[in-house]
Amino acid sequence: MRIVDLRSDTVTLPTEEMRDAMRSAELGDDVFREDPTINRLQDISAELMGKEAALLVSSGTMGNLVCVLTHCERGEEVIIGDKSHMFLNECGSMSAVGGVHPHTVLNQPDGTIRLEDIKAAIRGDNDHWPRTRLICLENTHNRCYGAPLQPEYVASVCEMAHERGLPVHLDGARIFNAVVALDVDVKDLVRHVDSVSFCLSKGLSAPVGSVVCGTREFIAEARRNRKLLGGGMRQAGIVAAPGIVALGKMVKRLADDHENARRLAEGIAGISGLLIDPDKVYTNIVYFEIENGRIGADELVARLADKGIRTLSTGPRRFRMVTHYGVGSDDIEQTLKALKSIMEQEV
Ligand SMILES: *Cc1c(COP(=O)(O)O)cnc(C)c1O
């Protein structure tokens, strides 16, 4: 039976070209900055993002934490969306490791945070209060339907923050999905942010790795924090080599994932017992719900698994499906057929 894995775009396997690149990568000790392949990935990344310097890290979670540690001292505060990955899905690392206090503000359904909500969250000077030190955004926004943030919105947050002497960090785990959805240059999405992290290991299909970009000075300090976290990786050129292929070859095809997500959503909209807002499908992430009184999410997960479809529930009746390089249009048809037959039995 063919398995269709819609749990996440992290399940993507490296391409043949990536495996070849790993095999032939020139290597050295990256803690001595002597791995030519890592140096090349970092140069390519910095150039692509329009930043001075870049640093390879082992995961998106490490990239975000390294940036928070570089921006903030213990006891300082980060303004962050209440549905952000950094707040919900990174083990509370900023407080657990950094002693940094997250101050959550409401994420709108499109992944933005209202400018007035951010302004209201910025602390004044008071002996009782933590000091606001950083503002974080997420693009595309995982929990908010994979919505891309517009360049103008990111610029407006940065302008407001910079007027107040605050830097902005962007969790750009899926920044290239935003690039493809909005048809913009990635530089337009990150121009004003002070640091950005992006994943090589999601839709871009590299096996491991994320990259952090910022000023030369920022990245020098980030390198120390990466070392502190145990992330100095020696001959990790074998990780960087497929990352170079990912950036060069795997960005444009994200459009296929977006097209498949749209077809999946349109199919789901036609299945009785399933609820979806097709206007809230922006990139490669599809959220839908089971109508009240029908089967529970865990049961639907199990019944889909019997039909070779792997999925995750994100609530008692809520689902997320993610399209990626390992999912073709036939797989979308198979998934819709399976959903339809399960839901028809439930009528
Ligand atoms: C996946 C993800 C991360 C972290 O990535 P890992 O490499 O799994 O640690 C960070 N932010 C967002 C929005 C993500 O979706």
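Bear in mind these aren't lab numbers, they're just calculated from the coordinates by the rules spelled out. As the structure is a computational prediction, the values presented were derived from the model and not from experiment. Here the Cβ is made from the backbone with ideal geometry for all residues, glycine too, and neighbour counts use every protein chain on show.
Principal-axis analysis of the Cα atoms of the chain puts helix 60-71 at an angle of about 30° to the longest axis. Using every pair of separate Cα atoms, the Kirkwood estimate puts the hydrodynamic radius of the stretch 220-288 at 15.5 angstrom. Placing R0 at 41 angstrom, the Cβ-Cβ distance between Arg23 and Glu299 gives a FRET efficiency of 0.40 after rounding to 0.05. Extending 7 Å from Cα along the Cβ direction at Glu159 and again at Glu346 yields two label points whose distance is 4.7 nm. Dipole size of the stretch 33-185 about its Cα centre, with +1 on Lys/Arg Cβ and -1 on Asp/Glu Cβ: approximately 320 debye, rounded to the nearest 20.
Under Stokes-Einstein, with the Kirkwood radius over Cα pairs as Rh, the value for the stretch 44-160 at 37 °C and 0.692 mPa s is 217 µm²/s. Considering only alpha-carbon pairs that sit under 8 angstrom and 6 or more positions apart, the relative contact order computed for the chain is 24 percent. Once the convex hull of all Cα atoms in the stretch 114-219 is built, its volume per residue stands at 129 Å³. Over the stretch 253-345, the hull volume per residue, using the convex hull of the C-alpha atoms, is 83 Å³. If R0 equals 45 Å, the separation of the Cβ atoms of Arg216 and Ser272 corresponds to a calculated FRET efficiency of about 0.20.
Taking the Cα centre of the chain as reference, the dipole from Cβ charges on Lys and Arg (+1) and Asp and Glu (-1) amounts to some 540 debye.
What the phi angles of the stretch 88-103 give under the Karplus curve with 6.51, -1.76 and 1.60, with θ = phi - 60°, is a coupling list of 8, 10, 10, 6, x, 4, 5, 7, 5, 9, x, x, 9, 9, x, 10 Hz, glycine and proline written as x. Descending by average beta-carbon neighbour count within 10 Å, the peptides 75-81, 241-247 line up as 241-247, 75-81, the highest first. When His169, His162, His192 are sorted by how many other C-beta atoms sit within 10 angstrom of their C-beta, beginning with the fewest, the order is His162, His192, His169. A Förster distance of 41 Å, applied to the separation of the beta-carbon atoms of Arg131 and Arg318, puts the FRET efficiency at 0.65.
Legend: ranking of residues Thr283, Thr215 from fewest to most surrounding C-beta atoms inside 10 Å; resulting order Thr215, Thr283. In the stretch 149-297 the Cα-Cα distances spread across 10 Å bins starting at 0 as 10, 29, 30, 21, 9, 1 percent of all pairs.
Taken along its three principal axes, the alpha carbon spread of the chain comes to 60, 55, 35 Å, from the longest extent down to the shortest. Work out how much length Glu16 to Val97 would gain on full extension: take 0.36 nm times their residue separation and subtract the Cα-Cα distance, in nm to one decimal. My answer for the length gained is 25.4 nm.
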